[in-house]
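Below you'll find the structure, written out as structure tokens, and then a few comments.
The values are calculated or read from the model by the stated rules, or taken from the named source; none is laboratory data. Please read all numbers here as calculations on a predicted model, not as lab measurements. In this analysis, Cβ positions are derived from the backbone assuming ideal geometry, glycine residues included, and neighbour counts consider all displayed protein chains.
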Amino acid sequence: MKARILLVALAGLFAFPGFGQHVKVPAELKVPKGSRLVQHVYGKGIQLYTCLPSPKDSSVYVWTSQGAQALLYSDKDYRQAVGNHYFNEDHKPVWEALDQSKVVGNKLQQADAPDPNAVPWLLLQSISSPDAGRFKAVILIQRINTRGGKAPDTGADASHKGQSIHVEYTAEYLFYAAN
């Protein structure tokens, strides 16, 4: 009986609501076996968009992603800030911890978020990570449990050319190292 209670208690730890591990991650976003979760943070900020001509048809305007800006938190209630998320001059996503360690990512895969108003879920590969600090040895990053952040379906037209909008979003970021 004690063993069963312990097993149930341990199972509860790994399915802790908000941790991200209880969420069914699409197959294309799963990390390889042997990957080890080393950080889990909660992002809260804005996705940035600018109204520009569509690359497919210059007479049509679309809200074009210009990156994101977010604070990173250690808890789902956004109380303890641990870093920042932004895009660098090469338009690559960067996660920077308060200890100055940072990791730069490159998108490998994406999947639609369950919420139609949310930015997609992503799997990214680290193209730069530090030798020390919070993001030491990170090789893969998942963005899951997104809410909001998607560009509006309307309002992109010639009269708004060059205008920018900020759309609030939240996400969970999971950072993995090789085992």
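Before moving on, here are some points about what is shown:
- Qualifying residues in the range 124-151 (those that are modelled with pLDDT of 95 or more and of a type in the set (Ser, Thr, Tyr)) - the one farthest from Gly67 (Cα to Cα): Ser126
- Any hit, the range 71-80, residues being touching a Ser or Thr at 6+ places or on another chain (Cβ under 7 Å), hydroxyl-bearing (Ser, Thr, Tyr) and either surrounded by fewer than 14 Cβ atoms within 10 Å (Cβ to Cβ) or at pLDDT 95 or above (or both): no
- Given (1) in a loop (DSSP other than H, G, I, E, B); (2) under 30 Å from Val60 (Cα atoms), index of the condition His166 fails: (1)
- Of all residues in the range 68-122, those that are in a strand (DSSP E or B), more than 25 Å from Thr50 (Cα to Cα) and not hydrophobic (A, V, I, L, M, F, W, C) total 3.
- Any pair with Cβ under 9 angstrom, 6 or more apart, that starts in the range 44-58 at a residue that is on the phi < 0 side of the Ramachandran plot and assigned to a loop (DSSP other than H, G, I, E, B) and ends at one that is among the polar types (S, T, N, Q) and surrounded by 18 or more Cβ atoms within 10 Å (Cβ to Cβ): none
- Every residue from the range 151-179 that is surrounded by 11 or more Cβ atoms within 10 Å (Cβ to Cβ) and either in contact with a Pro (Cβ under 8 Å, 6 or more places away or on another chain) or of a type in the set (A, V, I, L, M, F, W, C) (or both): Ala151, Ala156, Lys161, Ile165, Val167, Ala171, Leu174, Phe175, Ala177, Ala178
- Which numbered condition Gly34 fails, given (1) farther than 17 Å from Phe135 by Cα; (2) surrounded by fewer than 17 Cβ atoms within 10 Å (Cβ to Cβ); (3) at pLDDT 95 or above: (3)
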